[in-house]
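K.L.:
I'd like to ask some things about the structure below.
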Amino acid sequence: MKRISDHPILGEPEKGQLVSFFMDGKPMEGFAGEPIAVALKAAGVMVHRYTHKAHEPRGIFCAIGRCTDCVMIVDGVPNIRTCITPLVSGMRVQTQDGVTALEVSE
Amino acid sequence: MKRYDLIVVGAGPAGLSAAIEAARCGMKVAVFDENAKPGGQLFKQIHKFFGSKEHQAKIRGYKIGETLLAEADEAGVEVFLNATVAGIYLDKEVLVQIGEAMTHFKADTIIISTGAAENMVTFDGWTLPGVIGAGAAQTMMNLHGIKPGQRVLMLGSGNVGLVVSFQLMQAGCEVVALVDAAPRIGGYGVHAAKIARCGVPFYLSHTITKADGTDCVTGVTIAEFDEHFAPIPGTQKHFDVDTICLAVGLSPMSQLLKMAGCTMVDDPKRGGQVPLVSENGETSIPGLFAAGDVSGIEEASSAMIGGRMSGLAAAAYLGFLSESDKEKRLADLEVALNSLHQGMFAPGSKGKTVAKTDEGIAVSQSLLKKGYLEDTDLERFVHRSNQTDKNSGIHPVIECTQNIPCNPCQDACTKGCIKVGKTITALPQIDDASSCTGCGMCIAACSGQAIFLVDEDYAPGFASITLPYEFLPLPQKGEQGTALSRSGQPLGIAEIIDVRNAKAFDHTPLVTIKVPAGQAMTARFYQPTTQAMEQ
Amino acid sequence: MKSINDRSRNIGSFVSQLDDTIIICRCEEITKGEIRQAIHDGMFTVNEIRRYLRAGMGLCQGQTCGKLVKYLIARELGVIPDQLDPATSRSPMRPVEMKVLGNEEVTHV
Amino acid sequence: MSKHSDVIIIGGGIIGNATAYYLAKKGVSVTVLEASKDIGIGGSSRNGGGVRQSGRDTRELPLAMWGIKNLWPGLSEELGVDVEYTQKGNLRLGKTEAHQKILQGLTDKAVACGLDVRMINGDEIRAINPYLSDEVTCASWCPTDGHANPLTATLGYYKKARELGVRFITEAPCFELRKIKGAIRQVVTPDAIYEADKVLVAAGFDSRKILATVGIDVPMMPLKMECLVTEAEPPMFLQMLGTADADFYGHQSKHGSFVFGGSSGFEHLNKDNGTPISSSIGASCTCRGIIKYFPALVDAKIVRAWAGWLDDCADHVPVISPVEEVPGLYIACAFSGHGFGIAPAVGYNVAEMIADGHSTIDLSALRYDRFKPKQ
């Protein structure tokens, strides 16, 4: 389990409503308002994008919106920093390949 | 144009402190922060702070953040969140993205307190998902309640690396090793000791040579380096990990100041590009100040004082505070700041090797290289450790051996057992004449978790040791587990004879274990049996 | 004259190293070898490396690699890093959509 | 090291670097003195990258046409650096009748000089670039125009010139030119006095101050302009764009970023703090301008905005000229914001002028002494 259910100092994390969203077409669940990257992490998604030149995987690196490594396509818009963009119910999140969506075989 | 007396950029410890002081002087103050939550790094700091009472010592960072916010609110400071400053222009104009729009603001004074950014190191595979900054780990676990990974290797033994390693364990992650290219541990020995006694090995003069994995990290190789930074053959070690955490220092995030046209200097002692500032943080542009890490990397306690100083200076600059009041109040703050700037971790001591404490005691080399005190170090440091003839029941053992600015233990003991004195970087002394009641307040007050209550003759052949235990699940009275040494080595069976979790301890439960009398000065941690089996 | 100002000074020829393939600029995927080669091509400043290779010109605008590039240049030129300026700071400090940047209150003159 | 060379070039921008390269190719020894710490820090690296002929004054048009025909196509290969030259045409856009009139005037003049440029209507425009909004009703279309990367082109010339032995000295601002026995001889900097038989002043707006030390004036003023660049976007179009109103210009780079210049209407009045800095209104204003032309770019993120000074000449046309009054002195400045596209041709021809005494293209219309008072 990736989520911390109880913490010795902080107790139980405060979370929003459990909502569903889509990751490369697949339904997933996360808490509304938490960063998209956190919901993905909880679901075990490590790769957020593949780089343009070398097609190398990238994921969360700085987690504070600075390094821009975790960018993905969110509701059709590329280069969205998922570590600081709150999750909204029904969001369509896609792995980014260069600056476009990664083609995912169903 | 919306105009304020003062615009503060960054709602971290420095920015909020500055805003509070300025607003209390009667200024109209706006604070902009790009994050959804204010407080900067404070809300990721779940450990108890060092310093003295005036520095809010023994209070956890996030609590200090809550206090600052309440104070800012009370003082009438307007805090704008999700408000990203795009740039600072001529005439102290600030362009801010708030929501889906840009808004222009002007101010007669500006304080930049944008904090710091993490440094990075490169190695083969450092771009793989699973390699993260230590700040990222803190953000994930302490703000968003998610583990960065299950098995983590930490690179960097400065205070950030040490503190985050401990936090990772608190969050339920396993820290497999702590690695640093330097030959000595950079952070406080007490932070290192907390980790070492959990069994985490330290590898100094080592660095990462490769992160393995195709789509994410699956392992890491480290190696010892010679003086030319070349790996020494045969010293490679491999760990199966899913996360590599980098804590290799911070750099001031000073771009806004540079854009504003402030004279900048590159000062390695302050972490990189910093503005040229006066004592109160005023830059080369009159009325524009810098406070906190952006003007030189330190810790939050200093940032809060620096923030307050620049807030007062800004108030005086605009006539909201008389020069004489300014001088007086700044002088007090100067004293508070200076008290933090003493001892072996003072900014002036950066990069120096300190061989002896201020008291003239040789520093433990084991602590610097392995993260824990050797038994042979104890005689020099631990009061009463060799006075078994005098033991008369429970008494504190303070394993605090470096001159760090901290004194809550002194205030915590109502019996006057513990003395630090006026200089808060002095090593605490135990007054034998005073009688310890075993209340445990000193343990809970010690930000370094370096105080233990020992009773050598708890029962015939057995000693009791009371230790801080900030982990879950909390052991239950009567259960049996393993006593661990300072280096995390199993010593034998330990029985839990008491668990106390008073509100006054502030989430530092005190666990008392019963161990054979011979382990009174060696057993320093407790491992539940279930955990030992899992490993 | 300060040491790096004479661009014809000899810094030796480019010799490839084992770790030249390591990425320095994560956004633009610029390697250590490319940066070292550029220094030997005469790019002696952080700004020049940016412009020549795009290192630090990607989405994060050099926030991650800025210091790394500076240290690489310093090492290759044999100077201390403090002698080198960082890249010029420019607005916006964070990437911002054109519709947002264009959406400001306008007071027409 | 010797302080003497055949030619000293003052200014390490693209004009200086290109001239240095073409001179070095001819075997001439050259020293380039650059005032700042960086090569190509001025207008050379702060422009929109246009390599166009259309919209130019007829006095500089021959230079532009010659450069596009003879130098730009092979430049990447010659310099060993990808200058990203893209020759896919230039659309100069209009929305109103007034715009139509401006564009028609420019087009007529260029056609008279032999340039393939013509006026097209809205449908034709959107056939070339389908992303343009319906507001755009007319444009001049020059298919042989294009764009390139000013950063790599400037530094490419520098790199190649350096390889050929040109000596570049940075942080060497010239504060005085000195004549010896009636001819130019010395260039004085804070750290050293450099000597040469010939001196080219190619220092942008600073040229005026430098030339004044030998009593020569070029009537120009620094004018601050602002540009911005987006994150990389999927490829959309390859043309260079401009407008009749000059409210924006730009292109999509090979890398995917859009580079746009724009205007807030205050450029001639903008202040700064000694370095060209963006105003608080420039980028926002440019964004609004662009969105009107390209609604599809609303979500593109701006990662960086910058400002630069251009050396705006009294008649908005460069001065490229020998100075007979000061034997050995040459001027190449006052490019008025459209120097990048002609820089290779300027470098080539100025190198000829300095080394051979004459140039392939007749530059007499760009002389320094052309400025006459009103009658």
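K.L.:
Strands (runs of 3 or more DSSP E) wholly in the range D:112-179 with at least 2 residues that are within 14 Å of chain C (Cβ to nearest Cβ) - which ones?
P.N.:
D:167-169
K.L.:
Tell me, which residue of the range B:260-269 that is surrounded by fewer than 20 Cβ atoms within 10 Å (Cβ to Cβ) and touching an Asp or Glu at 6+ places or on another chain (Cβ under 9 Å) is modelled with the lowest pLDDT?
P.N.:
B:Pro268
Conditions (1) surrounded by fewer than 24 Cβ atoms within 10 Å (Cβ to Cβ); (2) modelled with pLDDT under 95; (3) in a helix (DSSP H, G or I), marked per residue:
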| residue | (1), (2), (3) |
| --- | --- |
| D:Ile39 | no, no, no |
| D:Asn47 | no, yes, no |
| D:Arg59 | yes, no, no |
| D:Trp66 | yes, no, yes |
| D:Lys69 | yes, no, yes |
| D:Glu78 | yes, no, yes |
| D:Val83 | no, no, no |
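K.L.:
For B:Ile98, state whether it is under 19 Å from D:Ser280 (Cα atoms) and more than 8 Å from every other protein chain (Cβ to nearest Cβ).
P.N.:
yes
K.L.:
Is there a residue being aliphatic (A, V, I, L, M) and within 26 Å of D:Cys142 (Cα to Cα) anywhere in the range D:70-81?
P.N.:
Yes, some residue in the range D:70-81 is aliphatic (A, V, I, L, M) and within 26 Å of D:Cys142 (Cα to Cα).
K.L.:
Pick out the one residue from B:Glu224, B:Glu279 that is assigned to a strand (DSSP E or B), more than 14 Å from chain C (Cβ to nearest Cβ) and among the acidic types (Asp, Glu).
P.N.:
B:Glu224
K.L.:
Please indicate, with yes or no, whether at least one residue in the range C:1-16 is outside any loop (DSSP other than H, G, I, E, B) and within 9 Å of chain B (Cβ to nearest Cβ).
P.N.:
No, there is no match, as no residue in the range C:1-16 is outside any loop (DSSP other than H, G, I, E, B) and within 9 Å of chain B (Cβ to nearest Cβ).
K.L.:
Are any of the residues in the range D:238-250 modelled with pLDDT of 95 or more, assigned to a loop (DSSP other than H, G, I, E, B) and under 21 Å from the mean Cα position of the chain (by Cα)?
P.N.:
Yes: the range D:238-250 contains one or more residues that are modelled with pLDDT of 95 or more, assigned to a loop (DSSP other than H, G, I, E, B) and under 21 Å from the mean Cα position of the chain (by Cα).
K.L.:
Now a separate question. Given the structure, is B:Thr103 at the interface with another protein chain (Cβ under 7 Å from one of its Cβ atoms) and closer than 28 Å to B:Gly319 by Cα?
P.N.:
yes
K.L.:
Just for the range A:13-65: of the residues that are among the charged types (D, E, K, R) and in contact with a helix residue (DSSP H, G or I) (Cβ under 9 Å, 6 or more places away or on another chain), which one is nearest to B:Gln170 (Cα to Cα)?
P.N.:
The selected residue is A:Lys41.
K.L.:
Tell me, please, whether a residue that is on the phi > 0 side of the Ramachandran plot and surrounded by 18 or more Cβ atoms within 10 Å (Cβ to Cβ) can be found in the range A:75-96.
P.N.:
The answer is yes; a qualifying residue exists.
K.L.:
Do you know which residues across the range B:463-499 are part of a strand (DSSP E or B) and crowded, with 19+ Cβ neighbours inside 10 Å?
P.N.:
Listed by number, the residues that qualify are B:Ala463, B:Ser464, B:Ile465, B:Thr466, B:Leu467, B:Pro468, B:Gly481, B:Thr482, B:Ala483, B:Leu484, B:Ala494, B:Ile496.
K.L.:
If we keep just the residues of the range D:28-51 that are in contact with a strand residue (DSSP E or B) (Cβ under 7 Å, 6 or more places away or on another chain) and among the hydroxyl-bearing types (Ser, Thr, Tyr), which is nearest to the other protein chains (Cβ to nearest Cβ)?
P.N.:
Among those that are in contact with a strand residue (DSSP E or B) (Cβ under 7 Å, 6 or more places away or on another chain) and among the hydroxyl-bearing types (Ser, Thr, Tyr), it is D:Thr31.
K.L.:
If you don't mind, there's one more thing I want to ask. If only one of C:Ile35, C:Ile24 is touching a helix residue (DSSP H, G or I) at 6+ places or on another chain (Cβ under 6 Å) and either assigned to a helix (DSSP H, G or I) or more than 10 Å from every other protein chain (Cβ to nearest Cβ) (or both), which one is it?
P.N.:
Checking each option against the conditions leaves just C:Ile35.
K.L.:
Taking the range C:67-109, which residues are outside any loop (DSSP other than H, G, I, E, B), without any contact (Cβ under 8 Å) to a residue 40 or more places away in the chain and at the interface with another protein chain (Cβ under 8 Å from one of its Cβ atoms)?
P.N.:
C:Lys67, C:Pro81, C:Asp82, C:Val96, C:Glu97, C:Met98, C:Lys99, C:Val100, C:Leu101, C:Glu104
K.L.:
Considering only the range D:271-293, state which residues are more than 9 Å from every other protein chain (Cβ to nearest Cβ) and either surrounded by fewer than 24 Cβ atoms within 10 Å (Cβ to Cβ) or more than 30 Å from C:Leu59 (Cβ to Cβ) (or both).
P.N.:
Correct list: D:Pro276, D:Lys292, D:Tyr293.
K.L.:
B:Ala300 versus (1) aliphatic (A, V, I, L, M); (2) touching a Leu at 6+ places or on another chain (Cβ under 9 Å); (3) surrounded by fewer than 21 Cβ atoms within 10 Å (Cβ to Cβ): which is the lone unmet condition?
P.N.:
(3)
K.L.:
Taking into account only those residues within the range B:20-59 that are within 30 Å of B:Gly448 (Cα to Cα) and of a type in the set (A, V, I, L, M, F, W, C), which is nearest to the other protein chains (Cβ to nearest Cβ)?
P.N.:
Applying the filter and picking the extreme gives B:Ile46.
K.L.:
Just checking, which of B:Ala532, B:Ala523 is modelled with pLDDT under 95 and either surrounded by 17 or more Cβ atoms within 10 Å (Cβ to Cβ) or more than 24 Å from the chain's Cα centre (by Cα) (or both)?
P.N.:
None of the other options fit; the residue is B:Ala532.
The values are calculated or read from the model by the stated rules, or taken from the named source; none is laboratory data. Fair warning: this is a prediction, and the values are worked out from it, not measured in the lab. Backbone-built Cβ (ideal geometry, glycine too); neighbour counts: all protein chains shown.
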